[in-house]
Every structure is written in C-alpha cells, then in structure tokens.
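Worksheet: the structure to be examined is printed underneath.
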Amino acid sequence: MPPDFDGGGWTSTLAELQVEAEDVIKRLMEYTADGTEKLVQYTTDSSNKVLQLSQEGADRLRDYLDEISGSSFGQKAQDRLHRVRAEWQWGSHGLGTSLHVPIPCEVDHRFIVALAILLKVSSDQAEQHGSEALLRRPVTLALILIEAVTFMVPGGLPLRELCLSPFCVWEKAQWMRLVTPAVIHMDATHLMCNLATALPDCLELEASGGSIKFGLELVGLTGLSHTIYVAWALASKSAFRRNVEYYSVGAVGLSSVAFALQVVAGEQKRSKVVVMGVMVPSQYVWVFGLTLAHLCSPSTSFPGHLSGVLAGLMYNYGIKPVARLVKQVFQGSTALVRRPTATASQRGPRFWGGGTTGGRDFEPGSAAYPSQRSRWWKSWAINLGSQLGLVALATGVFLMSSGRALSKHPINSWQLR
C-alpha cells in the first residue's frame, strides 16, 4: 500500500484524486466564463461609448455647419461630410450590411387590417372580372408571382444592395436599383397593402389594352417613377440643402408603381367612382389615396408616392399623346405611299372620324378639323393644369410639414421607406 499524501489536493486513493481534479477544472471553467463575460461586457460598453461619442461629435459638427451654412465654406464642408459618410454607409462595411428583408411581422392590428383589405379587393375583382381573371391576365399574374417568390426567398434578400438609393444610382451608376426595389417589401403588411392597391388597376389596364401593352407600361412606369424619385432627391439636395433624402434613404416597395398605375387607370376610365362614400372623378382618385396613405401611416415615403403620381401624369399627358401622334403620322405616311393612283370619280365617298364624309384623305396635322383640335388642346391643358395644381398643393404641404423635422435630422442616421 503506497504512503498517504495529505494536503495540497493529494489523496491516498485514485477516486479522491479524480474528484479534486474535476473540482479544479470546474473552477477554472467558471473563472474563464466569468472573465469572458466581463470582457464581452467591457467591449460592448466601450463600443457603445465610442458610438455615443461619435454621435455627439457628428451632431455637434452638424449644428456648427448649420450655423455657418450660409457661407460657401459651410455649404461645401457640409456636403463633403455627407458625401464621406454616404460612401462609408453604402459601402461593404457600412451599418446594416447584414440586414435582410422581409423582417418578421407581428400579427397586430395593421397585419389584420391589411389582410382584410387584400381579401376584400380580391373578392371584388373576382366578382367583377370573373374567378379566372388572373389566368387571363398573364402579366398581372406574373407580377404577383414575382412579388411572392422574392418575399419567400430563404434567408431574405440583402436590403442595402437592392433598395433605391439616389446616391448609389446617380453617383455609382447602379442602374438596377431603378427596378429591383419594386419587388422588395419590408414585411407581410407592406406587401399586402401594395398588392391590394395595385391589383384592381393592373387587371383593368391589362383587360383594356392587352398583355403586351400593359407589360410595356408596367416596366416603363417602374423605371420612370423611380427615376423621378432620384431626381426629386437630387433637386432637394441642390435647391433646399435637404441631404437626407439623397444620401441616407433607401426606398423599397411597389407603392410608387401602384400610384402611377392608379393615375393611368383613372385617366383611362374617365368616370365617377366612390371613395369612402364620396363620388369623385376617377382621374383624381390618387389624391384620396395619397392622403389616406400618409394619414394612416405617416412614416411612408411621400416623395416616393408622389413620384409615382408624376410618372402617371407624364405618361398620360406627355408620352401617350406623342406616341399617338407619331403613330398617326406613320400610318398616314404609309397610306400615302401604298395608295394606288385613282381619279376622284373612281374613289367613292370615304367615311372618317367625327361623322365627316368625303372623297379626300385626311392628313394628320392638316387644317381639316381645326375646331376639334382646338377643343382637344383646351381640354388637355385644363386637365393637366388641374392635376399639376393638386401636385403643387400636396408638395407644398409636405415641404412645410417636414421642414422642421428635416432641419433637425441627425447627420448619421439611415432610413428605410
């Protein structure tokens, strides 16, 4: 029998030695865990203090630049500071690089209301166009499927790389951002609200104009509305020194395109519709939609929605009339080239639009119908003027209400709308 060693953790048996060793290891693990926790806490506190000091320093610098913003030096320094911060923010190491969408959505009152509205709109459209309406509208069906598939991508989509950033579009030439934001949504409530808004107009426009025409309109209005948003942000920065919209904001969602479609469909209907119990002309429905959107959800992007309205107006009162005129001129020129020669007696009377008859051909741009052309231009000018007046009124209200908030906006914030 070996001799006994007392003290210092040594015992006379192997079992007791094992117990002592386990106790020592356990204490070492506790000390290690406690030390690691304290190190993590210290690191976190240090990082928070650094960020807090950075925040305070940036805010003080912003306040100083605001004080001297009237001078050319102050304006250049402020713009340079925003530009450097935007380069870091939208770069690979900026804050939020790991943010993916959609984010988890709670089943709250907003979710329930959005779901109820979407179901009601779907039911009304099925009753109006038939239960198989989507199958007969391939472009609308494709739009809904794309929105659903991108929403259900495992792990989500990288928000920073795909959202609409005016700074990235204009200064980094990332032109795909003019399209990708339309298929990205922050959460389920966001998606359902936009689908409920866009679905009726999509079905109406595709039914009346055909799938090819509507597909071209959809793509064109998407790019046009997002381009107007970038121009809005650039103009706000240059004219009013509102740098937040240009440098810091990333916009996502289908709402801008939905407002553009609403304007186009309303102009095409030219009828009275009921909005919350009030009869209004269909071409002015967007005014109620814009008002309700910002009363119910003030955090939504007013410039983004108004950009969609302007895109629709530009299409209705600019692109469509020009395209129609070019088509008429082309068809008239083709008819003149291909028409066989014949005497007036060989040609029988021909019937043209407006109930006029005669044996001569109508040439677009001629003085055949001066009164009709005059009435058309007068109607065009009145309608466009009334629409632009409402846009100017809405813009003025937005600028006045947001001036105080934007003037006090932190310089190192980042927003999503």
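The values are calculated or read from the model by the stated rules, or taken from the named source; none is laboratory data. Quantities reported herein were computed from a predicted structural model and do not represent experimental measurements. Every residue, glycine among them, receives a Cβ derived from its backbone with ideal geometry; neighbour counts consider all protein chains shown. Surface accessibility is based on the protein's heavy atoms, side chains included, excluding ligands, DNA and RNA. Shrake-Rupley method; radii C 1.70, N 1.55, O 1.52, S 1.80 Å.
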Query raised in the report: If Phe288 passes every condition in (1) open to solvent by less than 20 Å² (accessible area, probe 1.4 Å); (2) under 30 Å from Val107 (Cβ atoms); (3) aromatic (Phe, Trp, Tyr) but one, which one does it miss?
Result: (1)
Query raised in the report: How about segment 114-160: which of its residues are touching an Asp or Glu at 6+ places or on another chain (Cβ under 8 Å) and of a type in the set (Lys, Arg)?
Result: Arg137
Query raised in the report: Is at least one residue of segment 297-311 open to solvent by 70 Å² or more (accessible area, probe 1.4 Å) and under 23 Å from His109 (Cβ atoms)?
Result: yes
Query raised in the report: Pairs under 6 Å by beta carbon, first residue assigned to a helix (DSSP H, G or I) in segment 262-278, partner open to solvent by less than 70 Å² (accessible area, probe 1.4 Å) and of a type in the set (Val, Ile, Thr), six or more apart or different chains?
Result: Val263/Val309; Gly266/Val285
Query raised in the report: So which residues in segment 207-253 are open to solvent by 50 Å² or more (accessible area, probe 1.4 Å), of a type in the set (Ser, Thr, Tyr) and more than 28 Å from Thr189 (Cβ to Cβ), if there are any at all?
Result: Ser208, Ser238
**Report entry** Val139 vs. criteria closer than 30 Å to Ala233 by Cβ, surrounded by 14 or more Cβ atoms within 10 Å (Cβ to Cβ) and β-branched (Val, Ile, Thr)
**Finding:** yes
Report task. Tell me which of these Tyr229 doesn't satisfy, since it passes every other one: (1) within 12 Å of Pro303 (Cβ to Cβ); (2) more than 13 Å from the chain's Cα centre (by Cα). Result -> (2)
Report summary line: Note on segment 154-182: residues open to solvent by 10 Å² or more (accessible area, probe 1.4 Å), of a type in the set (A, V, I, L, M), part of a helix (DSSP H, G or I) and more than 16 Å from Ile103 (Cβ to Cβ) are Met176, Leu178
Requested in this report: List every residue pair whose Cβ atoms sit under 8 Å apart, with the two residues 6 or more apart in sequence or on different chains, where the first one lies in segment 101-127 and is under 14 Å from Cys193 (Cα atoms) and the second, anywhere, is among the β-branched types (Val, Ile, Thr).
Outcome: Cys105/Thr189; Arg110/Thr189; Phe111/Thr189; Ala114/Thr189
**Report entry** Single match in Gln262, Gln268 (criterion: open to solvent by 30 Å² or more (accessible area, probe 1.4 Å) and in contact with a helix residue (DSSP H, G or I) (Cβ under 6 Å, 6 or more places away or on another chain))
**Finding:** Gln262
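How about segment 183-194: which of its residues are open to solvent by less than 30 Å² (accessible area, probe 1.4 Å), in a helix (DSSP H, G or I) and not aliphatic (A, V, I, L, M)? Walk me through it before giving the result.
Quick first cut of segment 183-194, residues open to solvent by less than 30 Å² (accessible area, probe 1.4 Å) only: 184-185, 187-189, 191-192, 194.
Within this subset, residues satisfying the condition of being in a helix (DSSP H, G or I) are 188-189, 191-192, 194.
Within segment 183-194, Thr189, Asn194 meet the criteria.
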Report task. Filter segment 284-301 for residues that are in a helix (DSSP H, G or I) and among the small types (Gly, Ala, Ser) and give the result. Result -> Gly289, Ala293
